[in-house]
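To keep things clear, I will list the structure first and then write my remarks on it.
The values are calculated or read from the model by the stated rules, or taken from the named source; none is laboratory data. For clarity, every value in this text was computed on a predicted model and none was experimentally measured. Virtual Cβ from ideal backbone geometry, glycine too; neighbours counted across all protein chains shown. Just the protein is used for accessible areas: all its heavy atoms, side chains included, with ligands, DNA and RNA removed. Shrake-Rupley method; radii C 1.70, N 1.55, O 1.52, S 1.80 Å.
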Amino acid sequence: MTNVEKEILELIKTKRSIFPASYQNKTIEKALIEEILACADQAPNHKLTEPWRFVVFTDKGLDRLANELASQYESTTTPDTYLEKKSKSIQKKVLQSGAVIAICLHESGKIPRWEEIAAVASAVQNMSIAASALGIGSYWSSTALINNLSSFLKLENNESCIGLFYMGYHDDDRKYGKRNPLESKVRWEG
């Protein structure tokens, strides 16, 4: 095994979700975001439907997204359960990020929905690995607030938001995740 191969395997094994509380106040260059998205665009997809769509929020776009999410929280929460602290926390998470990418599903109608979702998930995994390789932390959030973002994101009828991909530079060390033994999840035949 070559050193490059070992590095790639180690990167995959040690890539972890890094949350906005750990992000540094540092801009992510557009060229790096484009590189991360180029990696997403190479994900496998049945019948080449390329069902992923992305809306990238940086700079002032982060302010708009933070305000929209807070507004969605307020409008979908009953007055007796609404918490100003939670609204501020939702905004803070966005504003601590170097970029947030809305992960959107474009359904072609050519294949089952689950296959389109699986392809988008593969694209996001590519984004996550690429970001980690570039020293950028990330995580995929699937808050219920995404269900009301179609108009804000200018999505078409066959599109939906299935998550938000938060990104930011950080100082956290790479480490292996806590997992049950692989043997408990694999059966060999043959």
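Laid out as a table, the results:
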{"item": "All positions within region 13-35 that are within 17 Å of the chain's Cα centre (by Cα), touching a residue at least 12 places away in the same chain (Cβ under 8 Å) and open to solvent by 80 Å² or more (accessible area, probe 1.4 Å)", "result": "Phe19, Ala21, Lys30, Glu35"}
{"item": "Those helices (runs of 4 or more DSSP H) lying entirely in region 51-153 with at least 3 residues touching a residue at least 60 places away in the same chain (Cβ under 8 Å)", "result": "59-76, 84-95, 113-133"}
{"item": "Leading residue by the ranking (nearest to the chain's Cα centre (by Cα)) among those in region 76-89 that are polar (S, T, N, Q) and within 24 Å of Pro20 (Cα to Cα)", "result": "Ser89"}
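Per-residue answers, yes or no, for (1) open to solvent by less than 40 Å² (accessible area, probe 1.4 Å); (2) under 20 Å from Glu68 (Cα atoms):
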residue	(1), (2)
Pro112	no, no
Met127	yes, no
Gly135	yes, no
Ala144	no, yes
Leu155	yes, yes
Ser160	yes, yes
Tyr169	yes, no
Asp172	no, no
Lys185	no, no
